[in-house]
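For reference, the structure discussed in these notes is given below.
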Amino acid sequence: MVALVSEYVSLKPRGVDDFWGCCPFHEEKSPSFHIRPDRGLFKCFGCGKGGDVFRFVEEVEGIGFRDALERLASRTGIELKAADPRERARRQRRAELFRCSALAAEFFSEVLWSQTPDGERGRAALVDRGISEETAREFGMGVAPDSWDALTGYARQRKLPLEVMVELGLLRPGRRDPNRPYDFFRNRLMFPIRNEQGKVVAFGG
Ligand SMILES: [Zn+2]
């Protein structure tokens, strides 16, 4: 609670389980606002505002209880997760997945707008489906070239981890040698599927 409130108020300890600062809810020069972290309470003797940590977030952010709850939950989650090395590894893995899918989307899109037979075929397929260039560009669409190793070669050239590309479903492990994967999507339009943050998480083909 001290860390949270300190984001809004400069607190000074005064005695046991007691921190004082200038109230964030009204104008003042000398502190009449204090918190009791062990009890999870705040109180201002100037404007009379007081309550628990949820009330504090509601008041200071001007949001409702639900939003305050979510904000505190995600905040606590972030702090807990950051301390967990397995969670850190998972995050790095996720970041790697995002990076690879973003670069793959870029690759497919470059092919689609290129002056190559693959690009021409892709643009013809857009016309067939009644998709305008504007829409295709807006959604970052692309085309997978008619090749077994175009994306694999691109991944090698960009030093993308091939096992991550396999995990994304973009490459398939080789039948004879799993370390020599091949392109899964060939000669088809690619639709990047994005999450709420706008990051590419998968492809529809
Ligand atoms: Zn106050």
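A few notes on this one:
- Cα-based reach from LYS12 at 20 Å (exclusive), listing aspartates and glutamates while leaving out same-chain residues under 8 positions away: GLU27, GLU28, ASP38, ASP52
- Across all directions, the average projected area of the convex hull around the alpha carbons of the chain is 17.5 nm².
- Amide N of segment 40-65 lying under 14 Å from the label point, which is placed 7 angstrom from the Cα of GLU28 along Cα→Cβ: 42-51
- Under 19 Å from the Cα of LYS199 - aspartates and glutamates, other chains or at least 8 residues apart: GLU96, GLU106, GLU110, GLU138, GLU167
- Relative intensity, log₁₀ I(q)/I(0), of segment 2-82 from a Debye sum that treats every alpha carbon as a point, q = 0.14, 0.18, 0.25 Å⁻¹: -0.46, -0.74, -1.26
- Per-pair calculated FRET efficiency, R0 = 22 Å: ARG176 and ALA202 via Cβ, rounded to 0.05: 0.20
- Within the chain, helix-based [θ] at 222 nm, where runs of 4 or more DSSP H residues each add -39,500 (n - 2.57), nearest 500: -14000 deg cm²/dmol
- If you plug the beta carbon distance of ALA125 and SER147 into 1/(1 + (r/R0)^6) with R0 = 22 Å, you get a FRET efficiency near 0.85.
Laboratory data are not the source of any read-out in this text; all were calculated from the coordinates shown. The structure presented is a predicted model; accordingly, all values stated were derived computationally and were not measured. Positions of Cβ are generated from backbone atoms using ideal geometry, with glycine treated the same way; all protein chains shown enter the neighbour counts.
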